[in-house]
Each structure stands twice: as C-alpha cells, then as structure tokens.
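**Student:** Below are the structure tokens for one structure; questions will follow.
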Amino acid sequence: MGSNSVRDRLVDQSLTSRYSQWVLEALDELEDPFLITDPAIAGHPIVFASRGFLAMTGYAFGEVLGRNGRIFQGPATDRRSVMEIREAIREERTVQISILNYRKDGTPHWILFHMCPIFGAEDGRVLHFVAVQVPISKRRSRCGVERCGAVLGTCREEVRLDKDLDCSHHAREVFVDMDSRGLEAKEPQMAGDQEKEKAANAINCILLALNRYSKMTGRVVCGKRCGSAGSGVASLPSSLNISLGRIKQSFVLTDPHSPDMPIVYASDAFLSLTGYSRQEVLGRNCRFLNGPGTDYEVLKEIKKSIHGQQSCTVRLLNYRKDGSSFRNLLHISPVRNASGKIAFYVCVQMDESSKNIDNGLSPEMWQLGAVGAVKVAVRSLSSSAGPSRPSQ
C-alpha cells in the first residue's frame with residue numbers, strides 16, 4: 001500500500017515538481033493527441049494525456065494516468081517495431097514510426113508515432129518522453145506484402161512507452177496478449193508528408209510550452225541534450241555513463257559517425273594518465289596526444305585498421321598535458337551494438353613503464369578485459385529488449 005501511494009504521488013507530481021503549476025493548464029489547451037511519460041518512475045508510466053489523445057482512443061484520463069503504454073497494444077503488434085521503439089528509449093533519442101494502436105473498444109487504428117526525450121538543461125538527464133500520435137489517413141498500401149519493414153511495424157504506441165527498463169517480465173507480456181481482435185488491420189498504412197509535418201509541429205508546440213513553464217521555476221528543459229561541459233559533443237545516455245564509470249582501466253570511446261571521430265567518453269584512469277580534464281578531452285580527436293617522435297607509420301596502421309573495421313594493438317609515443325612523454329601500449333577495437341553495427345571505437349591505453357597491473361595479468365589480457373567490459377556495457381544498453389547508440 002505504501003509503495004503504491006508513493007508511486008501515485010510521484011505520477012501526480014511528475015510535471016508540477018519540475019514546471020510551474022500552470023503547465024498542466026497550458027498542455028491541456030493543446031489540441032494534438034499526445035502523451036507524456038516519466039522514465040524515472042518504476043514502470044515508465046503515463047503522467048499526462050491530452051484531450052486529443054483521449055478523444056482519439058476512447059479512454060478517460062484516469063484510465064491511462066499512471067499506466068504503462070502497453071495498454072494500447074493489440075494482437076497485430078509487430079515485435080520489430082517494439083524493439084525499435086525500446087531501442088530509441090534506451091538510447092534516449094527521437095523515433096518516428098508508423099504503428100498500429102488499439103482504441104479502448106478494441107478497434108485498431110494506424111498512427112504516425114513520434115516520440116522525443118525531454119532533457120534537463122543543467123545536467124542533460126532525461127526527464128520525460130513526449131509521444132505525439134497522428135492518425136494516418138486511410139490510403140492503399142503500395143505493397144501489401146511489405147509487412148516485413150520495420151517502418152510498418154504494427155507496434156502499438158504502447159510499446160514506445162514500454163521503456164519499463166526495470167521490468168523484464170513485462171517485456172515478455174508485450175508479445176503474448178494475442179486474441180482475435182484487430183485481424184482486420186491487414187494492410188499497413190504509411191504516414192505521408194502531411195502527418196509528418198503535423199507531428200513535428202505538435203512536438204514543437206509541446207516543447208515550447210514545457211520550456212516556457214520550466215523557466216518559471218529556474219529548472220529549464222530542452223528538446224536536445226546539452227553538450228558535455230560545452231564540449232560540443234552530445235552526452236551519452238546516463239545508463240551507459242554509469243556502466244562505463246565502473247571500468248577502472250584507462251580508455252576512451254570515440255564516435256566513428258561524427259566528423260573526425262571525436263572522443264565521447266574518457267575514463268577517470270585516462271584522465272589520470274594524461275593529466276587532462278574531461279572538459280579538455282571530450283569532442284577532440286585522439287591525435288592531441290601525439291607529438292615529436294610519434295611514429296607516422298604507426299598512425300597509418302591505426303587508420304588502416306579503423307577503415308577496415310578491425311582491431312589493432314600498437315606501441316606509440318604519446319604526450320601528457322605537462323609535456324612529458326610515455327610509451328603507450330594502445331589497443332583499438334570496434335564496439336558493436338546489439339544489431340551488430342559499429343557504435344563506437346574503444347581505445348585502451350597503458351603506460352608501458354607502469355608495472356601496476358592487477359591480478360598479474362599480461363598487458364594484452366588487461367586491455368582485452370577493458371574492451372570486453374565496454375562491449376558488455378554498450379550491448380546491455382541495446383539489448384534486454386532493445387538498444388544502443390547510432391550505428392552506421
């Protein structure tokens with residue numbers, strides 16, 4: 001009883017504790033169908049449902065408040081769409097997909113589902129997810145067999161909110177509520193430009209309202225994660241940061257999908273080894289460690305390995321911030337997400353003059369241990385029903 005009452009209070013106060021008390025009134029005036037959910041509360045519940053959404057689905061406000069979005073799922077829900085939306089939630093990024101939802105009376109309806117995270121400006125933490133649902137005008141599908149595309153996933157929007165990251169047993173329930181309803185929804189309906197424009201406009205209006213009323217409390221929110229300490233590079237999902245922070249070796253993660261492969265994560269041990277602060281490292285290419293005597297042929301070998309998406313181990317003369325040099329035993333390896341695509345490169349450094357290797361491991365085994373731990377962290381973000389970082 002106690003835990004339920006605490007959860008109910010968190011749901012009720014999810015918006016008003018962050019924004020001005022008038023935010024609910026402002027959101028209620030918006031006509032578009034949308035939901036707001038809170039990933040910080042167990043079960044990732046709905047904390048706001050617009051009048052447009054309630055009218056579209058036939059539910060009353062009290063019937064959806066505090067519940068997970070799986071209540072909108074039905075028999076034609078496509079697992080691939082479930083995975084795609086869950087992946088976006090775990091990666092804390094925007095997703096747009098045509099999916100099949102179910103109204104309260106059990107009738108299916110195709111919508112364009114557009115979900116985006118809301119970030120706190122001060123720390124980049126995800127506070128809420130906003131999900132706009134635009135009904136798709138009925139039109140003939142160009143290919144009825146096209147059912148295989150993830151874009152037509154018959155995922156009900158319920159899935160999108162199904163970021164119950166904490167409740168893996170619920171992930172199983174998502175795929176077992178098969179009944180005889182909704183079988184008439186055979187032909188996937190794809191959103192057109194009109195629906196996409198409407199969804200984008202609705203998201204903008206909601207973000208403007210949330211931003212305005214967050215400024216009144218001094219706890220500003222925004223639709224994009226702020227760069228790490230002004231580095232100009234986007235922060236990693238908080239759950240990935242926590243997992244990486246447990247790894248004690250010296251390493252950095254670089255983003256192969258951004259120009260010049262910037263560093264997006266640097267371990268405490270790396271900062272200790274090089275003497276740089278995290279703010280001085282993030283957003284830069286690793287070449288800032290090079291200097292007089294750094295072997296150009298070794299750098300070419302590294303570049304060749306990266307282009308070939310291969311691992312490599314090299315010895316390189318590098319420099320600390322204070323100008324002192326060290327012989328760097330460097331191991332570089334691609335890190336793939338749960339889909340098998342490269343999300344990052346991990347670069348593990350070791351000062352060859354250092355003898356402080358735990359458990360008597362060889363340098364190579366010590367480095368491979370770090371690489372393995374990083375891969376587990378990245379894949380755990382993108383599996384267990386879902387996600388990872390952007391891939392190629």
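**Student:** Looking at (1) touching a residue at least 12 places away in the same chain (Cβ under 8 Å); (2) out of contact with any strand residue (DSSP E or B) (no Cβ under 7 Å at 6 or more places or on another chain), which is the only condition His307 fails?
**Tutor:** Unmet condition: (1).
**Student:** Any residue in segment 341-363 that is touching a Phe, Trp or Tyr at 6+ places or on another chain (Cβ under 9 Å), open to solvent by 40 Å² or more (accessible area, probe 1.4 Å) and part of a helix (DSSP H, G or I)?
**Tutor:** Within segment 341-363, one or more residues are touching a Phe, Trp or Tyr at 6+ places or on another chain (Cβ under 9 Å), open to solvent by 40 Å² or more (accessible area, probe 1.4 Å) and part of a helix (DSSP H, G or I).
**Student:** Here is a list of conditions, (1) buried (at least 20 other Cβ atoms within 10 Å of the Cβ); (2) aliphatic (A, V, I, L, M); (3) out of contact with any Ser or Thr (no Cβ under 6 Å at 6 or more places or on another chain), and Ala121 meets all of them except one; can you say which number that is?
**Tutor:** For Ala121, the failing item is (1).
**Student:** Taking segment 369-392, which residues are modelled with pLDDT of 60 or more and open to solvent by less than 90 Å² (accessible area, probe 1.4 Å)?
**Tutor:** Within segment 369-392, Gly369, Ala370, Val371, Gly372, Ala373, Val374, Lys375, Ala377, Val378, Ser380, Leu381 qualify.
**Student:** Return the only residue of Gly74, Gly43, Gly69 being small (Gly, Ala, Ser), in contact with a strand residue (DSSP E or B) (Cβ under 6 Å, 6 or more places away or on another chain) and crowded, with 22+ Cβ neighbours inside 10 Å.
**Tutor:** After applying the criteria, what remains is Gly74.
**Student:** Also, quick follow-up: Restricting to segment 46-64, what's the tally of residues that are in contact (Cβ under 8 Å) with a residue 24 or more places away in the chain and either surrounded by fewer than 17 Cβ atoms within 10 Å (Cβ to Cβ) or not hydrophobic (A, V, I, L, M, F, W, C) (or both)?
**Tutor:** Qualifying residue count, segment 46-64: 4.
**Student:** Name every residue in segment 43-52 that is under 25 Å from the mean Cα position of the chain (by Cα) and within 15 Å of Gln133 (Cα to Cα), in order of residue number. Break it down stepwise before answering.
**Tutor:** Quick first cut of segment 43-52, residues under 25 Å from the mean Cα position of the chain (by Cα) only: 43-50.
Within segment 43-52, Ile46, Phe48, Ala49, Ser50 meet the criteria.
The values are calculated or read from the model by the stated rules, or taken from the named source; none is laboratory data. Keep in mind that this is a model prediction, so the values were computed, not measured. Reconstructed Cβ throughout: ideal geometry from the backbone, glycine too, with neighbour counts over all protein chains shown. Quick note on the areas: whole protein, heavy atoms, side chains included, nothing else; ligands and nucleic acids left out. Shrake-Rupley method; radii C 1.70, N 1.55, O 1.52, S 1.80 Å.
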